[in-house]
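Each remark here refers to the structure printed beneath this line.
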Amino acid sequence: MTTAHFDGAFTDGWIRRFAASARATEPELTALDQQSGDGDFGVNLNAGTTAALARLDAAGPPDAAGRRRAAGPLDAAATAFLDEVGGTSGPLFGLLLQSLAAAADVEDDRLTTPALAKGVAEGLAAIRRVGEAEPGDKTLVDALHPAAEALAAAGAPTPPDQALRRAAEAAWQGVRDTAGLRARLGRASYLRERAADVPDPGAVGVALFLTSAGGTVTALTPYLSPAVS
């Protein structure tokens, strides 16, 4: 795939694969969140991506010439999460998607690695402002922060699909690292031992989103294993 193809068709497919990943892994996400949170993260993530699909379908498919701007599907998904998903996860994922859409919107109908780096960095900054989370607090920031660093290090010559793959790998390492952290925020901070050794579900959701740029995730277990690099 060449850089010219990272347009609205690509971002439309990305969101659709994210929805398929959320649907396939909802039981695992729910089980994780039952150990460390309210148990509703899988349901909320699936609800957000389902709402995003409805908005994509209403907009119609991008044509073969890629005339839909890359920002469009990202913006549609952002609106779905911000307007239609409860809990803390909806607004936070909405902010990330909104920042990605804004960064992509300045490009000429296509997504670039610098736009991805800018969008994820600004999404991370917005999430940290709103959620008051820092790296090490056992939140989705612990996956998004290393992903942002990986995208920044990739540089402009790196094709977006390769940059996203590196970001996803960094995010999954961040997910695995959260299993050894003690939560400072949210319900997990009150559960103490019950949440010990459990990866943060929000961090898993971030890694799931980034991985879905390249394909659908059907099971979390392979990604949560320390053997995965």
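Throughout, read-outs are computed from the coordinates displayed, never taken from laboratory work. Predicted model, so just to flag it, every value in this text is computed and none were measured.
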task = Subtracting the Cα-Cα distance from 0.36 nm times the residue separation, let me have the gained length for ALA58 to VAL106 in nm, one decimal.
result = 14.9 nm
query = What do you get for Rg/Rh of the chain when both radii come from the Cα atoms and Rh is the Kirkwood radius?
reply = 0.95
ask   = Got a sec to turn the phi values of the range 143-152 into Karplus ³J(HN,Hα) couplings, 6.51 cos²θ - 1.76 cosθ + 1.60 with θ = phi - 60°, whole Hz, x for Gly and Pro?
value = 9, 6, 4, x, 5, 4, 5, 5, 5, 5
ask   = What are the ³J(HN,Hα) values, in whole Hz, obtained from phi via the Karplus relation 6.51 cos²θ - 1.76 cosθ + 1.60 with θ = phi - 60°, for each residue of the range 159-164 in sequence order, with x given for Gly and Pro?
value = x, x, 5, 5, 4, 5
